[in-house]
Amino acid sequence: MKKLIAVAFAMVFVLITAAPAAVTPASHTEFEGFIHFCGGSPPDTVIVTPGGKTLHIRGGSNFNEWVTGNPLIDGPETNSPNVNFNPTSGTVHLDVTIYPDAAVGTWEIAQTLNFRGDGSFSSHGVGHGTGELHGMTIKFTTGDPVVTDNPCSDLPSAPLSGVIVSPAVNG
């Protein structure tokens, strides 16, 4: 029995000490760029609360273009908004799908926009890849819209920055 315990201990020791050497750590690829606002369709439902203080919008969709210089990101985006908005603040939840031009797969993202009373806003999002992007995670933030060379409309664009996290790999 002592011999069996010693062998088991030795095997566990080898696994513990050898495992870190056989794993390549997760990689982080930072990016910066723009979400160019292109257009959208009208909402399915618009409800204003009594007193007109909060606007609720459901359904409809938007389409945009992501440009970052990273082929795993750049491409068209579609999103479906869920809006709860009042004059002093508002929150928009988006279910976002990005279709990168250079990858077979998509980014499926949950994004939240937070509007402030002065009309400015910021947002953050987290998503996971499908297809060739499976196992990767994208995290990003955006800032207030700016006027820039928008390739799809005369609407403003939102600057964004973030990171793609690729999983650790067992060697």
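Worth pointing out:
- Scanning the range 40-55 for residues that are assigned to a strand (DSSP E or B) and either among the hydroxyl-bearing types (S, T, Y) or in contact with a Phe, Trp or Tyr (Cβ under 8 Å, 6 or more places away or on another chain) (or both) yields G40, S41, T45, L55.
- Selection status of N62, under 16 Å from the mean Cα position of the chain (by Cα) and either modelled with pLDDT under 95 or of a type in the set (D, E, K, R) (or both): yes
- Number of positions in the range 71-85 that are part of a loop (DSSP other than H, G, I, E, B) and either crowded, with 18+ Cβ neighbours inside 10 Å or free of Cβ contacts under 8 Å to residues at least 12 places away in the same chain (or both): 3
- One residue stands out among those in the range 113-125 that are within 21 Å of K53 (Cβ to Cβ) and polar (S, T, N, Q): the one that is nearest to the chain's Cα centre (by Cα), which is N114.
- Number of positions in the range 96-128 that are among the acidic types (D, E) and surrounded by 15 or more Cβ atoms within 10 Å (Cβ to Cβ): 1
- Only one of the numbered conditions (1) out of contact with any His (no Cβ under 9 Å at 6 or more places or on another chain); (2) within 24 Å of T29 (Cβ to Cβ) is violated by N86, and that is (2).
- Each residue in the range 56-70 was checked for being part of a loop (DSSP other than H, G, I, E, B), touching a residue at least 24 places away in the same chain (Cβ under 8 Å) and exposed (fewer than 15 other Cβ atoms within 10 Å of the Cβ), and 1 of them qualify.
- Residue list for the range 86-106, restricted to those being among the β-branched types (V, I, T), in contact with a Gly (Cβ under 8 Å, 6 or more places away or on another chain) and more than 30 Å from P50 (Cα to Cα): V96, I98, V104, T106
- Residue list for the range 105-136, filter: modelled with pLDDT of 90 or more, farther than 15 Å from W66 by Cβ, of a type in the set (G, A, S) and not in a strand (DSSP E or B): G131, G135
- Restricting attention to the range 141-168, the residues that are under 11 Å from the mean Cα position of the chain (by Cα) and in contact (Cβ under 8 Å) with a residue 60 or more places away in the chain add up to 6.
- Per the conditions (1) part of a strand (DSSP E or B); (2) of a type outside the set (K, R); (3) at pLDDT 95 or above, the sole criterion not satisfied by S153 is (1).
The values are calculated or read from the model by the stated rules, or taken from the named source; none is laboratory data. Since the model is a prediction, treat every value here as computed from it, not as a measurement. Backbone-built Cβ (ideal geometry, glycine too); neighbour counts: all protein chains shown.
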